[in-house]
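Read through the structure below, which is laid out as structure tokens, and then see the notes.
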Amino acid sequence: MKTCLVVDDSRVVRKVAGRIIENLEFSVSEASDGAAALAQCQEAMPDAILLDWTMPVMNGIDFIRALRRAPGGERPVVVFCASENDPERIGEALRAGANEYVIKPFDADIIHSKFSQVGLV
Amino acid sequence: MQFHRFPAMDSDTFSELADLTLDRSGQVLHPGKLALYDARLMPLLRCEGFSSAAELAGCIRERGHEALGSETVGRLVNGGGRFFSDPDTLSHCVDEFLTARAIRQKGGKLRIWCAGAGHGQEAYSLAILLGENEALKGLSIDLLATDMSSEAVERIRAGTYSHFEIQKGLSVNRMLAHFRPLADRSWQALGPLRNRVAVRVHNLLDSAEGLGRFDLIICRRVISTMAPVGQMRALENLSDRLLPGGLLVTGEHETISCLPEVFETDAEHRNLHARAGETEGAAAAA
């Protein structure tokens with residue numbers, strides 16, 4: 001079974017996104033900020049990461065830059081998931097190493113569509 | 001902001017609107033989908049100031065309101081859509097069929113018709129693929145999207161999609177390349193993409209003679225929702241507008257029972273139907 005790490009400081013978002021991704025037949029784990037997510041990735045790299053932008057301790061951009069520099073960190077498919085819809089800012093997330101981008105709020109169909117775009121389902 | 005809640009459609013109103021829909025579009029409404037039809041009519045009720053679907057049906061019946069009847073049917077049968085629905089078929093149409101046809105006819109003009117285009121996601125998906133195809137660059141390509149609903153046609157013309165619609169089927173790179181966000185968080189197709197798609201109101205039950213003839217006609221998830229008589233009429237109209245050697249594309253899992261003999265269905269891809277005959281220049285035949 002593929003693995004997905006959901007990184008978001010909102011417990012509700014982690015729960016909702018986690019359920020949707022479990023229905024896509026992923027084993028889901030959670031982290032509430034970038035630093036905690038990085039620690040989990042150092043233990044075991046997931047196949048996919050759904051990543052919030054604004055979080056305490058370490059934000060999504062700093063996390064993905066650190067991830068992509070880490071050994072094996074180029075492997076996970078990272079789907080940013082944030083409310084930011086400015087094309088410049090979305091471009092910044094892509095340049096930092098994101099593979100896809102979900103604009104919040106989302107539904108199951110959007111997550112499925114974006115995971116399909118990057119070959120996760 | 002407070003939204004007025006409309007009463008659920010009653011069975012008499014459903015029957016009346018189902019008859020109207022069959023008559024105007026050839027399509028069949030299902031009594032098990034009342035909530036869906038209520039949701040589809042809600043914006044029209046709000047916009048036109050009706051308090052219920054029954055009042056709307058009464059106005060069409062008593063005043064013989066032709067335009068309102070057509071608009072009501074258009075809203076009832078239009079289920080929206082998504083970008084790059086069945087991407088393999090779209091890629092086949094552009095990268096194989098149209099490219100081979102362009103080579104065979106040594107350039108010239110290619111004409112494509114998205115019939116029953118709904119809110120236009122398929123037409124814009126095709127326009128994006130056409131722009132990405134190097135072999136077709138520089139060719140004159142007409143892309144026409146039609147729908148029986150003037151509201152749908154206006155939406156295609158505006159090229160505006162909600163926050164949810166824009167994220168279904170469209171990759172972030174294509175979204176950024178071809179759309180821009182508006183203040184209400186919807187996204188609008190950029191001018192160059194919008195300019196590639198011509199739009200027009202057209203009912204598939206009517207003769208399409210005025211539209212010219214086409215190399216490729218895409219009509220998905222419409223024909224199979226029609227009663228047999230409507231299917232035959234629509235297919236005759238479509239086949240009449242397809243150039244010899246042209247391709248009719250129906251929905252991936254759509255069963256078309258009364259395809260005219262002039263078509264030969266692909267053995268592997270059952271939704272691709274080639275029109276018999278020699279290829280000829282679209283521009284000359286249009």
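Assorted remarks:
- Pair B:H30, A:N23: separation of 7 Å Cα→Cβ label points (nm): 1.9
- Theoretical FRET efficiency, 1/(1+(r/R0)^6), r = Cβ-Cβ of B:R185 and B:I103, R0 41 Å, to 0.05: 0.40
- The percentage of C-alpha pairs in the stretch B:85-163 whose separation is greater than 14 Å is 63%.
- Within the straight-line cut-off of under 14 Å between alpha carbons, the aspartates and glutamates reachable from B:K109 are B:D142, B:D215, B:E280, sequence neighbours fewer than 8 places apart in one chain being disregarded.
- Debye intensity ratio I(q)/I(0), log10, the stretch B:1-54, q values 0.14, 0.19, 0.25 Å⁻¹ (C-alpha model): -0.37, -0.66, -1.04
- Simple point charges give the picture: +1 on the Cβ of Lys and Arg, -1 on the Cβ of Asp and Glu, and for the stretch B:18-157 a dipole about the Cα centre of about 320 debye.
- Shape analysis of chain B places it in the oblate category; the axes a ≥ b ≥ c from the Cα gyration tensor give an a/c of at least 1.5, with a/b not above b/c.
- Exposure of B:R40 as accessible area (Å², to 10), given a probe of 1.4 Å and all protein chains: 60
- Here chain A is treated with +1 on each Lys and Arg Cβ and -1 on each Asp and Glu Cβ, and its dipole about the Cα centre works out to around 180 debye.
- Angle in degrees between helix B:66-77 and the longest Cα principal axis of chain B, rounded to the nearest 10: 70
- Rounded D (µm²/s) - the stretch B:196-286, Kirkwood Rh over Cα pairs, Stokes-Einstein at 10 °C, 1.306 mPa s: 118
- Accessible surface ranking that places the most exposed of B:S257, B:S150 first, with a 1.4 angstrom probe: B:S257, B:S150
- Using θ = phi - 60° in the Karplus curve 6.51 cos²θ - 1.76 cosθ + 1.60, the 3J(HN,Hα) couplings for the stretch B:154-165 round to 5, 5, 5, 4, 6, x, 10, 10, 5, 3, 6, 4 Hz; x is entered for Gly and Pro.
- 22 Å Cα-Cα reach of A:K114 towards lysines, excluding residues that sit fewer than 8 places from it in its own chain: A:K2, A:K15, A:K104, B:K168
- Spread of Cα-to-Cα distances over 20 Å intervals beginning at zero, given as percent, for the protein assembly as shown: 24, 49, 26, 1
- Between chain B and chain A, roughly 1500 Å² of accessible surface gets buried, counting both sides and using a 1.4 Å probe.
- Pairwise Cα separations in the stretch B:1-146 fall into 5 Å bins from 0 onward with the following percentages, short to long: 2, 8, 16, 16, 12, 10, 9, 9, 8, 6, 3, 1.
- Largest first, the three principal axis extents of the alpha carbons in the stretch B:133-286 are 51, 38, 33 Å in whole numbers.
- Helix B:34-48 axis versus longest C-alpha principal axis of chain B: approximately 80°, rounded to the nearest ten.
The values are calculated or read from the model by the stated rules, or taken from the named source; none is laboratory data. Note that this is a predicted model, so its numbers are computed, not measured. Cβ coordinates were reconstructed from backbone atoms using ideal geometry, including for glycine residues, and neighbour counts include every protein chain displayed. To get the accessible areas, we keep the full protein, side chains included, count just its heavy atoms, and leave off ligands, DNA and RNA. Shrake-Rupley method; radii C 1.70, N 1.55, O 1.52, S 1.80 Å.
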